[in-house]
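Below is one structure, written out as structure tokens; the observations come after it.
No value in this document is a laboratory result; all are computed from the given coordinates. What you see is a predicted model, and the numbers here were worked out from it, not measured in a lab. Cβ atoms come from the backbone with ideal geometry, glycine included; neighbour counts cover every protein chain shown.
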Amino acid sequence: MSSKWRHEYKYFSPERLLQVLQQRTACVLQKDPHVGEKGFYHIRSIYFDDIYNTCYEENLSGTDPREKFRIRIYNNSDKRISLELKQRKMGKCLKTSSPVSKERLLALTEFDFQNEILRPTEEDSFIYKKFYSQILYRGLKPVNIVCYDRVPYIYRTGNVRITFDRNIRSGRDFSRFFDNDLPARPILPKGTNLIEVKFDELLPDYIFELLQTGELSQTSFSKYFLCRKYGMKQTL
């Protein structure tokens, strides 16, 4: 599945401010129906990098264009497992995704790269074939788990999506990827969360205005980078 190139802005926010902005947003935008009864969903992703930490270094230096692969699940469930290629170019992002089987994911988390189940077939998507080729030629491997709780709001005009992400944590125990009690540590100061604003060509003025407080701190770093940076510090 492929989407359009989109604008994407990220902001650090203290919890008190995030609550205010979430209340404002709820008055204008519709909550994503996928959140269910809890009002949020839990996202968990395995990110991949090569032996030179290329994805990490490119994010650090602001390389343009750049890309990275991840495998994502929701609410710790194996019912929907997605391989995603996230690309950034000239300030815009493109996410392309394709389903991946649990058997392939387990082979990857066990670092069993010679397992025949990973070999692409004619029916596999282009994104999976590209992913597998980079395993072979770049030594791509799992390097980090990123997990957090997300409250998403959507606005159809302009394909606007505003998300409030709490409890951003980092882990490396890939064998427990589906476990509810996955070992993971917070990577931001206590009470600090992340707001993301995504849209296609245009962000309506009144949506832009409801987010104005003068207190948000914009960042160009991805959750992957922040979690990987934290993990690297822990191993020094």
What would the Debye equation give as log₁₀ I(q)/I(0) for the chain at q = 0.09 Å⁻¹, counting only Cα atoms as equal point scatterers? -0.39
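Tell me, what is the FRET efficiency for N159 and E110 to the nearest 0.05, using R0 = 45 angstrom and their Cβ-Cβ distance as r?
Plugging the Cβ-Cβ distance into 1/(1 + (r/R0)^6) gives 0.75.
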Extension length gain for E123 and D78 (0.36 nm per residue less Cα distance), in nm, is 14.1 nm
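Taking 0.36 nm per residue of sequence separation and subtracting the Cα-Cα distance, how much length would be gained by fully extending the chain between S175 and V35, in nm to one decimal?
Extra length available between S175 and V35 comes to 47.8 nm.
Is it possible to state the helix-based mean residue ellipticity at 222 nm for the chain, with each DSSP H run of 4+ residues giving -39500 (n - 2.57), the sum divided by total residues, to the nearest 500 deg cm²/dmol? What is it?
Details: 6 runs with 62 residues, N = 236.
Roughly -8000 deg cm²/dmol at 222 nm, from the helical runs in the chain.
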Given Cβ charges of +1 for Lys and Arg and -1 for Asp and Glu, the option among Q23, G191, Y41 whose Cα lies farthest towards the positive end of the dipole of the chain is G191
Just to confirm the number: angle between the C-alpha axis of helix 223-235 and the first principal axis of the chain, 0 to 90 degrees, nearest 10? 60
Nearest 10 degrees, 0 to 90: what angle lies between the long axis of helix 126-138 and the longest principal axis of the chain (Cα atoms)? 60
With label points built 7 Å along Cα→Cβ from the Cα atoms of L136 and Y52, find their separation and express it in nm. 2.0
Sequence of F126, F177 once ranked by neighbouring C-beta atoms within 10 Å, starting from the fewest: F126, F177
Report the residue, chosen from S13, S217, S97, that carries the largest GNM mean-square fluctuation when the chain is represented by alpha-carbon nodes joined by springs under 10 Å. S217
Please give the contour-minus-distance gain from E196 to Q212: 0.36 nm per residue of separation, less the Cα-Cα distance, rounded to one decimal in nm. 4.4 nm
Within straight-line cross-link reach of K95, lysines at Cα separation under 17 Å, skipping those fewer than 8 residues along the same chain: K4, K10, K68, K86, K129, K130, K198, K223
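Nearest 0.05, what FRET efficiency do E15 and M90 give at R0 = 25 Å with Cβ-Cβ as r? Write out the running numbers ahead of the final one.
Details: r = 33 Å, r/R0 = 1.33.
After rounding to 0.05, the efficiency reads 0.15.
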